[in-house]
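I have placed the structure first, in the form of structure tokens, so that the comments after it can refer back to it.
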Amino acid sequence: MSSTTPYSTPAKLAHWLIAALILAAFPLGLYMHELSLSPEKLRLYSYHKWIGMTVLLLFMPRLLWRLVRPPPALLPGPAWQLKLAEATHWLLYLLMAAVPLCGWLMSSAKGFQVVYLGLVPLPDLVGKDQALGTLLADLHSSLAWALMVLIVVHAAAALKHHLIDRDDTLRRILPFVKLPSGETRS
Ligand code: HEM
């Protein structure tokens, strides 16, 4: 597979859709948490949970797709950068699942069943346990912050490739961008 081979269309779609959902869920989570109890707060909690559960829902086919259709190889670079990129990608996958899963566990432990889109009641993952709920809330918050830090590092690396190295790392995952196949850039 040529190093400038673009990502497949499903992989590109999943990448940007999940990124947008995470970037919506994170500030919403911070904002709603600060509100005093009101119908608006409860509504925002529901939206937050639905966005997060959608991330979890999309995560599964995305992971399967990656395993069945591995992404194009990383563009050449120093060995430590390639190792770091690989590790970051897998950690991103881990957190992409762990953050919403932890949110779901927390809601169950706090005694609030998640009703996806207000239509589909999801099973509680654990029984009601306030102490566990508080612990999971802290964990959910810490993992969400770790996910955001990784996303910033990941985006900064992509921009560095684009603006400084001037290679196709970013362009090959952008939608609507055609790469001349087989072309290599130095
Ligand atoms: C990628 C998905 C998600 C991200 C990035 C995310 C992020 C966050 C953030 C940043 C907060 C604020 C934490 C704080 O202020 O310390 C938060 C709070 C919260 N999240 Fe999520 N979340 C996600 C998914 C979910 C899911 C799927 C659920 C439940 C089904 C959920 C339930 C909650 C709840 C209940 C709170 C409020 C906790 C409290 O008030 O103590 N989250 N989330």
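The values are calculated or read from the model by the stated rules, or taken from the named source; none is laboratory data. Everything quoted here is computed from the prediction, not taken from an experiment. All Cβ positions, glycine included, derive from the backbone under ideal geometry; neighbour counts span all protein chains shown. Ligands, DNA and RNA are excluded from the accessible area calculation, which covers all protein heavy atoms including side chains. Shrake-Rupley method; radii C 1.70, N 1.55, O 1.52, S 1.80 Å.
Within this structure, VAL99 fails the test of being among the β-branched types (Val, Ile, Thr), farther than 16 Å from LEU143 by Cβ and within 12 Å of the ligand (Cβ to nearest atom). Within the stretch 99-113, residues that are under 17 Å from LEU21 (Cα atoms) have Cβ atoms under 9 Å from residues that are charged (D, E, K, R) and within 6 Å of the ligand (Cβ to nearest atom) in these pairs: PRO100/LYS49; GLY103/LYS49; TRP104/LYS49, counting only partners at least 6 apart in sequence or on another chain.
Filtering the stretch 119-153 to residues that are out of contact with any Leu (no Cβ under 7 Å at 6 or more places or on another chain) and open to solvent by less than 50 Å² (accessible area, probe 1.4 Å) leaves LEU122, GLY133, ALA137, HIS140, ALA144, MET148, ILE151. Can you say whether LYS49 is within 14 Å of the ligand (Cβ to nearest atom), basic (Lys, Arg) and closer than 15 Å to LEU101 by Cα, as far as the supplied structure shows? Answer is yes for this residue.
Among the residues of this structure, TRP90 does not count as one that is within 8 Å of the ligand (Cβ to nearest atom), free of Cβ contacts under 8 Å to residues at least 40 places away in the same chain and open to solvent by 60 Å² or more (accessible area, probe 1.4 Å). Residue count for the stretch 9-45 satisfying the condition of being more than 8 Å from the ligand (Cβ to nearest atom), open to solvent by 40 Å² or more (accessible area, probe 1.4 Å), in a helix (DSSP H, G or I) and not polar (S, T, N, Q): 12.
Apart from one condition, TRP104 fits all of (1) part of a helix (DSSP H, G or I); (2) more than 11 Å from the ligand (Cβ to nearest atom); (3) in contact with a helix residue (DSSP H, G or I) (Cβ under 9 Å, 6 or more places away or on another chain); the exception is (2).
For the stretch 55-70, the criterion of being part of a loop (DSSP other than H, G, I, E, B) and more than 9 Å from the ligand (Cβ to nearest atom) is met by at least one residue. Being touching a strand residue (DSSP E or B) at 6+ places or on another chain (Cβ under 8 Å), more than 21 Å from LYS12 (Cβ to Cβ), open to solvent by less than 70 Å² (accessible area, probe 1.4 Å) and among the hydrophobic types (A, V, I, L, M, F, W, C) is the requirement here; does MET53 meet it? For MET53, the condition - touching a strand residue (DSSP E or B) at 6+ places or on another chain (Cβ under 8 Å), more than 21 Å from LYS12 (Cβ to Cβ), open to solvent by less than 70 Å² (accessible area, probe 1.4 Å) and among the hydrophobic types (A, V, I, L, M, F, W, C) - is met.
Could you list, in sequence order, all residues of the stretch 97-118 that are open to solvent by 30 Å² or more (accessible area, probe 1.4 Å) and among the hydroxyl-bearing types (Ser, Thr, Tyr)? TYR116, the sole residue that qualifies.
Run down LEU135, LEU179, LEU174 and say which single residue is within 15 Å of the ligand (Cβ to nearest atom) and more than 15 Å from the chain's Cα centre (by Cα). Going through LEU135, LEU179, LEU174 in turn, just one is within 15 Å of the ligand (Cβ to nearest atom) and more than 15 Å from the chain's Cα centre (by Cα): LEU135. Taking the criterion of being within 9 Å of the ligand (Cβ to nearest atom) and more than 21 Å from MET60 (Cα to Cα), the residues of the stretch 109-132 that qualify are LYS110, PHE112.
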